[in-house]
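Single-structure report; data block below.
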Amino acid sequence: MNDSKKDLENKLYTVKYNPDSESHLTPVPESCANCRSKACTFVCPAGVYEWDEENNRLIVNYEDCLECGACRIACEDKSLSWVYPKGTKGVTFKQG
Amino acid sequence: MIEENIEKKDQNHVDVIVVGGGPAGISCAITLARAGKDVVLIERGKFSGSKNVFGGAIYAQPTREIFPNFEKEAPIERKNIEHKYALLGEDDSTVISYKKRHEDPVSYTVIRAKFDRWMAQEAKKEGVVIVEETVVRELIVENECVVGVRTELEDYYCNIVVLADGVNSLLAKQIGLRGDIEPEDVAVSVKEVIKLDKEKINDRFLINDDEGCIYELFGGPMLGMLGLGFIYTNENSISIGLGITLNELVERKIKPYEILDKVKSHPTIAPLIKDGEVIEYSAHLIPEGGFKKVPILYGAGVMVCGDAAMFVNNLHWEGTNLAMISGKLAGETAIIALGREDYSENTLAKYQEKLEESFIMKDLRTYRDLMDVMHDKSEDFLGYYPKKINSFFEMFTSVNGIPKKDLYWKFIKSIFKDRGLSALFSDFTSIIKLLWSILR
């Protein structure tokens, strides 16, 4: 694991989550395969998205989502389906 | 079946439903409750504030308009007495500071998870019904009029829905009050709250126990980018973060938290947070589109306020105050509409009028051209010039046996060599044009 990824993991370790069993973030696989920028893989403050080169697919670590919405707006063809997690789920900021 | 529906509609019917329990939503709801109206506030988090993030400070005067005694009753961290503007070079910095111990403080640092929660409790005391852990999935529209909200569990009906659902406002988009938000219209903000002893904070920031200091950070690892950093002092912690326009991140392929780590290790910043423990990392979008990107603010049975309405004055770092006052104005408009039993677009247009008369639309209009200039000139105004200012002071403070006149001429020549006469002229004219657009 590289340093940057480790540093991010340490940051996310400070965040309180109650993850849902299903993802609130749903990319469209064909759109992702054709996407040139893959912007979600670097603009996301929680590193939720990783491109899996081998299987040509987007990995979505939705449990880490901070619910900011950057990926939704950065998505090249706006194909990402982005909704808020269910009422009892997702992030709870204790400071904010 | 139809009868059952009508009955349900009656049971679940209130005067106003406010979506979102942040500063805008709470201010709106409490304004209505104080006028004796039935108001339900729906918050998706565990409690108000649990999904909210900001830099650090709320403003005293607008907050008093909603909560006259908040300075005595609310959980406040410190009253801000100093603003420091730090132009960071790659490894040096030039800092300008303004300090005044106002009798009436201008702003206070607060922890949103505590402060918003307190505001919501106050609203509850005044009669607002607060429904937490509930997400409004869509608005119910009948005959082109918003008549209620659909949550995960139930439909609720009302005369007016106020959208205070934050920067992403999926609901304003659903009913066509806004289109897609573009990457140049939001900044991605990342922030860390770093625990530090009170005494250390006081010593490092040269402040007393209840006093706060705000840093605005330009340049450094953000040199040339449309992005700014911030530091706020809380009672026993420091909030440090930054906001960078989303299109900068996309174009430069950079990760926001990597830039934050670089800011934290800048030689001017590192000593301030040394030995602190990160107790929470967070992220949020800041609506930065300004006046030109404000959505349609009302329709039949609906009004939009706060971040959902792009109400942020980014030059002055104001947001929560615009949220609170827009919420209050939406509340006042709803009271008029309820009095007339008329929830048409025509009546709710009063909200727009109130906004236009207030500082909110006036200030947004004043800075309508700011973002265009900044997008156009960020490399220069947030890159070249901060570097140049630092190199001026490096030259001015150097003692190296070179005659001063030679140093001055070398510096002056470097300006024209690095930037060129036409570029300097273009910078100058865009500043003049911007100033004129602000002042006329």
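The values are calculated or read from the model by the stated rules, or taken from the named source; none is laboratory data. Keep in mind that this is a model prediction, so the values were computed, not measured. Every residue, glycine among them, receives a Cβ derived from its backbone with ideal geometry; neighbour counts consider all protein chains shown.
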Practice problem: Considering (1) among the charged types (D, E, K, R); (2) part of a loop (DSSP other than H, G, I, E, B); (3) farther than 30 Å from B:ASN80 by Cα, say which one B:ARG137 fails and leave the rest. | Solution: (2)
Exercise. Among the numbered conditions (1) in a strand (DSSP E or B); (2) over 27 Å from B:SER107 (Cβ atoms); (3) aliphatic (A, V, I, L, M), tell me where B:ILE296 comes up short.
Key: (1)
Practice problem: Looking for whichever is out of contact with any Leu (no Cβ under 9 Å at 6 or more places or on another chain) and surrounded by 15 or more Cβ atoms within 10 Å (Cβ to Cβ) here; the options are B:SER437, B:SER378, B:SER426. Which one fits? | Solution: B:SER426
Self-check item: Cβ-Cβ under 8 Å pairs, at least 6 apart or on other chains, the range B:147-159 side away from every other protein chain (no Cβ under 14 Å) and touching a residue at least 12 places away in the same chain (Cβ under 8 Å), far side surrounded by 22 or more Cβ atoms within 10 Å (Cβ to Cβ) and part of a loop (DSSP other than H, G, I, E, B)
Solution: B:VAL147/B:GLY301; B:ASN159/B:GLY301; B:ASN159/B:TYR343
Quiz item: Considering the range B:85-134 alone, what residues qualify as being within 11 Å of another protein chain (Cβ to nearest Cβ) and in a helix (DSSP H, G or I)?
Solution: B:ARG112, B:ALA113, B:LYS114, B:PHE115, B:ASP116, B:ARG117
Quiz item: Is one or more of the residues making up the range B:6-19 under 17 Å from B:VAL302 (Cβ atoms) and modelled with pLDDT under 95?
Solution: yes
Practice problem: Could you tell me which of the residues B:VAL167, B:VAL190 is closer than 30 Å to B:SER97 by Cα and facing chain A (nearest Cβ under 10 Å)? | Solution: B:VAL190
Quiz item: Do we have any residue at all in the range B:261-281 that's under 30 Å from B:GLY148 (Cα atoms) and either at pLDDT 95 or above or buried (at least 20 other Cβ atoms within 10 Å of the Cβ) (or both)?
Solution: no
Exercise. Examine the range B:398-411 for a residue that is in the same structural domain as B:ILE160 (by TED's automatic domain parsing) and small (Gly, Ala, Ser), and state whether such a residue exists.
Key: no
Exercise. For the range A:19-35, indicate whether the set of residues that are closer than 19 Å to B:TYR257 by Cα and within 11 Å of chain B (Cβ to nearest Cβ) is non-empty.
Key: no
Exercise. Sort out which residues of the range B:321-362 are of a type in the set (Asp, Glu), assigned to a helix (DSSP H, G or I) and over 19 Å from B:ALA24 (Cα atoms), and write them in order of number.
Key: B:GLU345
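So, in the range B:249-268, of the ones that are outside any loop (DSSP other than H, G, I, E, B) and within 7 Å of chain A (Cβ to nearest Cβ), which residue ends up farthest from A:ILE73 (Cα to Cα)? Even if it seems obvious, please write down each step before you answer.
Filtering the range B:249-268 for residues outside any loop (DSSP other than H, G, I, E, B) gives B:249-252, B:256-264.
Now drop any that are not within 7 Å of chain A (Cβ to nearest Cβ), which leaves B:249-250, B:256-258, B:261.
On the way: B:LEU249: 12, B:VAL250: 11, B:PRO256: 15, B:TYR257: 18, B:GLU258: 20, B:ASP261: 24 Å.
If we take residues in the range B:249-268 being outside any loop (DSSP other than H, G, I, E, B) and within 7 Å of chain A (Cβ to nearest Cβ), then B:ASP261 is farthest from A:ILE73 (Cα to Cα).
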Self-check item: Elements of type helices (runs of 4 or more DSSP H) in the range A:1-89, at least 1 residues being out of contact with any Cys (no Cβ under 9 Å at 6 or more places or on another chain), within 21 Å of B:GLU192 (Cα to Cα) and of a type in the set (Phe, Trp, Tyr)
Solution: A:40-43
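Among the listed residues B:ILE201, B:ILE231, B:ILE207, identify the single one that is more than 14 Å from chain A (Cβ to nearest Cβ), part of a loop (DSSP other than H, G, I, E, B) and modelled with pLDDT of 95 or more. If you could, list the steps in order and put the result at the bottom.
Working: B:ILE201 fails: part of a loop (DSSP other than H, G, I, E, B); B:ILE231 fails: part of a loop (DSSP other than H, G, I, E, B).
Only one candidate passes the filter, namely B:ILE207.
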Exercise. Determine which member of the set B:ALA323, B:ALA349, B:ALA337 is touching a Lys or Arg at 6+ places or on another chain (Cβ under 9 Å) and closer than 30 Å to B:ILE30 by Cβ.
Key: B:ALA337
Practice problem: Tell me which residues, restricted to the range B:177-187, are facing chain A (nearest Cβ under 7 Å), hydrophobic (A, V, I, L, M, F, W, C) and more than 13 Å from the chain's Cα centre (by Cα). | Solution: B:ILE181
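Could you tell me which of the residues B:ALA113, B:ALA120, B:ALA86 is at pLDDT 95 or above, over 30 Å from B:GLY220 (Cβ atoms) and out of contact with any Cys (no Cβ under 7 Å at 6 or more places or on another chain)?
Details: B:ALA113 fails: over 30 Å from B:GLY220 (Cβ atoms); B:ALA86 fails: over 30 Å from B:GLY220 (Cβ atoms).
Only one candidate qualifies: B:ALA120.
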Quiz prompt | B:ASN314, sole failed condition from (1) modelled with pLDDT under 95; (2) farther than 24 Å from B:ALA24 by Cβ | solution = (2)
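Counting only residues that are polar (S, T, N, Q) and either in the same structural domain as B:ILE325 (by TED's automatic domain parsing) or assigned to a helix (DSSP H, G or I) (or both), which one in the range B:39-84 is nearest to B:ALA123 (Cα to Cα)? Steps first, please.
Here is the first cut: in the range B:39-84, the residues polar (S, T, N, Q) are B:48, B:50, B:52, B:61, B:63, B:69, B:80.
Filter once more, so that each one left must be either in the same structural domain as B:ILE325 (by TED's automatic domain parsing) or assigned to a helix (DSSP H, G or I) (or both): B:48, B:50, B:52, B:61, B:63, B:69.
Values: B:SER48: 11, B:SER50: 17, B:ASN52: 18, B:GLN61: 19, B:THR63: 14, B:ASN69: 14 Å.
So the residue we want is B:SER48.
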Exercise. Filter the range A:42-96 down to residues that are within 24 Å of B:GLU251 (Cβ to Cβ), free of Cβ contacts under 8 Å to residues at least 12 places away in the same chain and within 11 Å of chain B (Cβ to nearest Cβ), then give me how many there are.
Key: 4
Exercise. Name the residue, out of B:GLU144, B:GLU138, that is within 14 Å of chain A (Cβ to nearest Cβ) and of a type in the set (Asp, Glu).
Key: B:GLU138
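Specify which of the listed residues (A:LYS16, A:LYS11, A:LYS38) is of a type outside the set (Val, Ile, Thr), over 11 Å from the mean Cα position of the chain (by Cα), within 11 Å of chain B (Cβ to nearest Cβ) and crowded, with 20+ Cβ neighbours inside 10 Å. Walk me through it before giving the result.
Values: A:LYS16 fails: crowded, with 20+ Cβ neighbours inside 10 Å; A:LYS38 fails: crowded, with 20+ Cβ neighbours inside 10 Å.
A:LYS11 is the lone residue from the list that is of a type outside the set (Val, Ile, Thr), over 11 Å from the mean Cα position of the chain (by Cα), within 11 Å of chain B (Cβ to nearest Cβ) and crowded, with 20+ Cβ neighbours inside 10 Å.
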Quiz prompt | Residue that is farthest from the chain's Cα centre (by Cα) [pool: residues in the range B:236-248 that are facing chain A (nearest Cβ under 10 Å) and farther than 22 Å from B:HIS375 by Cβ] | solution = B:SER237
